[in-house]
Amino acid sequence: MSDKNLKKHHAHLCKQINQHNYQYYVLDDPLISDAEYDRLMRELEKLEQEHPELATLDSPTQRVGAAPHKDFPEVIHTIPMLSLANAFDEDEMRAFDKRVRDKLGLDVIEYAAESKLDGLAITLIYKNGKLIKGATRGDGFSGEDVTSNVRTIRAIPLMLRDEYPDVVEIRGEVYLSKQGFHELNVSRKLNHEKLFANPRNAAAGSLRQLDPAITAKRPLRFYGYSVVVHAGGDYPDTQTGILKQIKQWGLPVTPDVRAVKNIEGCFKYYQEMSQKRARLAYEIDGVVFKVNSLEQQEKLGYVSRAPRWAIAYKFPAEETTTRIKSIEVQVGRTGALTPVAKLEPVFVGGVTVTNATLHNEDEIHRKDVRSGDEVVIRRAGDVIPEVVRVVRKKRRKGSRPFSMPKSCPVCGSDIERTEGEAIIRCPAGLFCSAQRIQAIIHFASRRAMDIEGLGDKLVEQLVENNLIETVADIYDLSKEQLSSLERIGHKSAANLINALEKSKQTTLSRFIYALGIREVGEATARNLAEHFASLGEIRKATPEQLEQIIDIGPVVAQHIARFFEAQHNNEVIDKLLSAGISWPQETGAASAKPLKGKSFVVTGTLESMTRDQVKERLQSLGAKVSGSVSAKTDYVVIGSNPGSKADKASQLGITTLDEDELIRLINTD
Ligand code: IVH
C-alpha cells in the first residue's frame with residue numbers, strides 16, 4: 001500500500017470504530033457483534049504496530065496512555081461543581097415546586113425529568129473538539145486530574161462529532177452497570193482481592209487508579225447531564241436541548257429524559273421510574289427535576305452550593321429483614337457510645353450489610369430491640385443501615401431487654417450522660433484507646449491529612465501494639481517498625497512512609513479539620529482558617545472572638561476554645577509542627593483560596609459589581625488581578641463594552657468569563 005492509502009485505510013478504520021462506539025454507547029443500537037468490533041480493533045492495532053507513526057493520540061488504540069504517574073494533579077473548576085438538594089416525599093417536592101413558581105411568578109413550569117444514577121461526578125473539557133481534560137468533582141471547587149483514566153472509558157469520545165465551539169465542558173456521571181459491578185466483584189473474589197461495597201465505590205476506586213491500564217479493564221460507563229457555558233459558544237436554551245446537543249457531540253446522556261409539566265408531571269415520571277427501576281441495567285437512586293428553561297434557571301439562581309432550579313427526588317430506602325446476632329457498644333471519636341446490631345449478613349440496597357446502628361439507648365428502648373430478634377433493616381444511599389423495627393411475632397422465648405453498660409466497654413471509665421441529651425459518653429478522651437484510634441483514623445482520612453495507606457485496621461494495629469499513642473506519634477514511625485507488623489510488607493511500609501512525608505505539606509483548614517475538634521467539620525475549619533491569619537491566632541482566640549465567625553455559635557466556640565486550652569492538645573500540636581507539618585503561610589487555607597496562583601484581568605463594565613469589588617473578591621480567593629493581558633494570564637473577565645484586552649485574550653487563547661460565569665466562580669458559598 002502507498003503511504004497515502006495506508007493513511008486512508010487507517011483513518012477509515014478509526015472512523016468505523018468510533019462510529020461503532022457511538023452506536024453502542026450513545027444510541028444504544030449496536031450494528032455489529034462484539035467479536036466483529038474486536039476484529040476491527042485488532043486490525044487497527046496490527047496496522048499501527050507495522051506503522052507506528054499512524055498511532056496518534058486520538059486513535060482508538062491509544063486510550064490507555066503513558067506510564068502511571070505518582071499522583072493526580074489538582075484541577076480548579078472554573079465554575080464550581082455543585083450538588084443537588086434532595087426531596088424524600090411529595091410534600092418536599094411540592095414545596096420545591098412552589099418556591100420555583102413563586103420566584104418566577106408563573107403557574108406553569110416545564111421541568112426536564114432525568115434519572116439519577118449513583119456514580120461519581122466528573123467534568124470533561126474538549127478544546128477544538130479534542131478531549132484534553134477529565135477531572136473529578138473533589139470538593140466542588142477543585143478536583144483531581146484523571147484525564148488518562150477518563151480516556152480509557154469508551155463511552156467518552158476522544159474527539160467530538162458534529163460542530164462545536166472552541167471550548168466545550170461537559171459534566172456527567174461515571175458509573176458501573178449492575179452487571180459490570182457484579183462481574184468486577186466476582187473477578188476480585190477469585191483473585192482474593194477486597195470486594196467493592198457498591199457500584200459507586202467501585203466506580204470511584206476505578207477512576208482513581210494510578211495505572212490507567214487497570215482503569216481500562218473496569219467496565220466504566222459515562223453519561224452527561226450538563227454543559228458549562230463558556231464564552232464564545234452558541235448553546236440551546238433548554239436543559240432538554242442541552243442534552244440533545246451533548247448527544248450530537250457523541251456522548252451518552254442521562255437516560256429516560258423527558259420534559260414534563262408541573263408537579264403532576266413530576267409525580268407521574270417518578271412513579272414510572274420507580275416501577276422501571278428493577279428492570280434497568282444500572283442502579284438508580286432517584287430522579288432529578290430541573291427547570292427546563294435556562295433563562296428561568298438563571299433567574300432562580302443558587303443557594304449555598306445547590307441550584308434553586310433543580311431537585312433530586314430520591315427513592316425510598318430499601319428494607320429487608322434479618323436476625324440480630326448480638327448487640328455491641330462502640331465508642332466513637334468523641335466518646336459517644338453507640339449500640340450496634342451485629343446482623344446475619346443480608347443483601348439490601350445493593351450491598352451486603354452485617355452491622356446496623358441502633359443510635360442510642362432511648363432508641364433501643366423505644367423500639368425494644370433485643371439480641372436474637374428478627375428485625376427490619378433499612379439502607380438508603382450512603383447512609384449507615386439502621387434497624388427500623390422488631391418483628392415481634394418472631395421474638396424468641398427468654399429474650400431480655402438490652403441495657404447500656406455503666407462503664408466504657410473499652411477503657412472501663414464510668415460513663416456520663418448529659419442532661420437532655422440522648423447520647424452517653426465515655427469521658428476519658430484520648431486516655432480511652434477507642435477514642436485514640438478513632439481520632440487517628442480521622443486525622444489520616446482523605447479529607448483531613450490524606451495519608452494514603454493509613455487505614456482503620458492499620459491504626460488499630462499500631463495503637464494496640466503501643467507503637468503510637470497520639471496523632472503526633474505517627475510521624476515518628478520507622479519503616480522497620482511498620483514492616484514488623486503482621487500483614488505489612490516492605491513495599492507497603494515504604495509507601496506509607498512516603499505518604500506520611502507527603503501529608504506534611506497541607507493547608508491550615510485541613511489541619512484544623514484533622515485535629516478532630518468537636519463540632520468542627522470541614523466548613524467550620526475552612527471558616528476558621530480564612531478568618532484568622534494563622535494557627536497561632538486560632539490557638540489564642542477567645543470564645544467571643546470565635547463567635548464572630550459565620551456559623552460558629554456559643555457551643556462550638558466553647559468546644560474550640562477548650563480544645564486549645566488543654567495542655568495535652570497543645571503538646572500534640574507542637575509535636576506535629578516540629579515534625580514538619582506546614583502550609584502556605586501567606587494564604588492561610590489553600591482550600592479556602594480556590595483561585596490561588598491564578599491570574600485575572602477584568603475588562604469592560606460589569607452590571608452587578610464595580611471593578612474594585614471584583615478585584616477584592618478575586619484576591620480574597622487567592623487570585624492575582626492584573627491590568628494587562630499576557631501569556632501568563634489565566635482568565636479574562638469580559639463585561640459590556642470591553643476594550644482591546646478581550647481581543648488579545650482571544651488571540652492568546654486565554655479562557656474568558658462573562659459576568660455570570662464570574663459570579664458563579666466567586667460565589668463559592
Ligand atoms: S445535575 C447543578 N443531573 O448527583 C446540578 N446530577 O446529588 C449538578 N447526578 O453531583 C448535578 N445524575 O454527580 C445532575 N441527571 C443528573 C444526575 C446528577 C446523577 C449526581 C451528580 C451530582 C449529584 C448530586
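The values are calculated or read from the model by the stated rules, or taken from the named source; none is laboratory data. All values reported here derive from a predicted model rather than from experimental measurement. Positions of Cβ are generated from backbone atoms using ideal geometry, with glycine treated the same way; all protein chains shown enter the neighbour counts. For the accessible areas, the whole protein counts, side chains as well, though only heavy atoms, and no ligand, DNA or RNA atoms are used. Shrake-Rupley method; radii C 1.70, N 1.55, O 1.52, S 1.80 Å.
Relative to the globular-protein estimate of 2.2 N^0.38 Å, the Cα radius of gyration of segment 233-386 stands at 1.43. The trypsin sites (Lys or Arg not before Pro) found in segment 166-217 that occupy coil by DSSP, while having at most 15 further C-beta atoms within 10 Å, are Lys194, Arg208. By the rule of a C-alpha distance below 13 Å, with chain neighbours fewer than 8 residues away ignored, the aspartates and glutamates paired with Lys504 are Asp450, Glu452, Asp476. The calculated P(r) of segment 180-245, using every Cα pair and 10 Å bins from 0, goes 17, 36, 18, 21, 8, 1 in percent. Considering segment 91-208, its Cα convex hull presents a mean projected area of 11.1 nm².
Scattering from the chain was approximated by placing one identical point on each alpha carbon and applying the Debye formula without solvent; log10 I(q)/I(0) at 0.06, 0.07, 0.10 1/Å stands at -0.41, -0.56, -1.20. Residue separation of Lys406 and Glu486 scaled by 0.36 nm, minus their Cα-Cα distance, works out to 25.4 nm of gained length.
Across segment 151-295, the fraction of Cα-Cα pairs farther apart than 21 Å, rounded to a whole number, is 53%. Here's the picture: charge each Lys and Arg Cβ at +1 and each Asp and Glu Cβ at -1 in the chain, and of Tyr270, Ile441, Leu621 the one pushed furthest to the positive end of that dipole is Tyr270.
When both segment 437-501 and segment 194-224 are represented by their alpha-carbon centers, they are found 26 Å apart. Between Ala35 and Arg94, residue separation times 0.36 nm minus the direct Cα-Cα distance comes to 16.2 nm. Label-to-label distance, Glu537 versus Arg188, with points set 7 angstrom from Cα along the beta-carbon direction: 4.5 nm.
Ratio of Rg to Rh for segment 303-344: 1.25 [Cα atoms; Kirkwood radius as inverse mean 1/r over pairs]. Peptides 601-609, 506-514 ranked from most to least packed give 506-514, 601-609, packing being the mean of other C-beta atoms within 10 angstrom over each peptide's residues.
The separation of segment 310-367 from segment 246-276, counted between C-alpha centres, amounts to 33 Å.
Solvent-accessible surface of segment 382-455, taken per residue with a 1.4 Å probe and all protein chains present: 62 Å². For segment 318-403, what does the alpha-carbon gyration tensor say about shape, rounded, prolate or oblate, given a ≥ b ≥ c as the root eigenvalues, a/c under 1.5 as rounded, and a/b over b/c as prolate? Since a/c reaches 1.5 but b/c is at least a/b, the shape of segment 318-403 is classed as oblate.
Computed packing ranks the peptides 79-86, 396-403 as 79-86, 396-403, most packed first, by mean other Cβ atoms within 10 Å.
Based on DSSP H segments of at least four residues, each scored -39500 (n - 2.57), the chain has a per-residue ellipticity at 222 nm of -10500 deg cm²/dmol.
Ligands, DNA and RNA left out, the accessible area of the chain computed with a 1.4 Å probe is 48% carbon and sulfur. A 1.4 Å probe run over the protein chains yields, for segment 507-547, 41 Å² of accessible area per residue, whole-number rounding. For a Förster distance of 30 Å, can you work out the FRET efficiency between the beta-carbons of Ala306 and Glu460, rounded to the nearest 0.05? Between Ala306 and Glu460 the formula returns 0.20. Beyond 21 Å, the tail of the calculated P(r) for segment 23-156 holds 64 percent of the Cα pairs. Given their separation in residues at 0.36 nm each and the Cα-Cα distance between them, Leu652 and Glu295 gain 125.4 nm when the chain is fully extended. When cysteine pairs in the chain are screened for C-beta atoms closer than 4.7 angstrom, the residues that find no partner are Cys14, Cys266.
Sparse packing (at most 15 other Cβ atoms within 10 Å of the Cβ) combined with a DSSP loop state is found for the following GluC sites (Glu not before Pro) in segment 152-205: Glu163, Glu193. Our analysis of segment 155-206 gives Rg over Rh at 1.19, with the two radii drawn from alpha carbon positions and Rh computed by the Kirkwood formula. Note: segment 448-508, Cα convex hull, 78 Å³ per residue.
Taking all protein chains as shown and a probe of 1.4 angstrom, Cys408 keeps an accessible surface of around 0 Å². For the chain, the Cβ-based charge dipole about the Cα centre amounts to some 1440 debye (Lys, Arg positive; Asp, Glu negative; other atoms uncharged).
When the trypsin sites (Lys or Arg not before Pro) in segment 551-660 are filtered for DSSP coil states and for at most 15 other beta-carbon atoms within 10 Å of their beta-carbon, the remaining sites are Lys632.
Solvent-accessible surface of segment 106-171, averaged per residue with a 1.4 angstrom probe and all protein chains in place: 33 square angstrom.
When the alpha-carbon atoms of segment 385-456 are used, the pair Rg, Dmax equals 17.7, 50 angstrom.
Expressed as a fraction of 2.2 N^0.38 Å, the C-alpha radius of gyration for segment 233-293 is 1.25. These residues, Asp237, Asp58, go from largest to smallest accessible area, 1.4 Å probe, as Asp237, Asp58. Suppose R0 equals 45 Å; then what is the FRET efficiency for Lys325 and Glu501 from their Cβ-Cβ distance, rounded to the nearest 0.05? After rounding, the FRET efficiency stands at 0.60. The alpha-carbon of Lys103 sits under 30 angstrom from the alpha-carbons of these lysines, leaving out residues fewer than 8 places away in its chain: Lys116, Lys244, Lys261, Lys268, Lys290, Lys299, Lys314.
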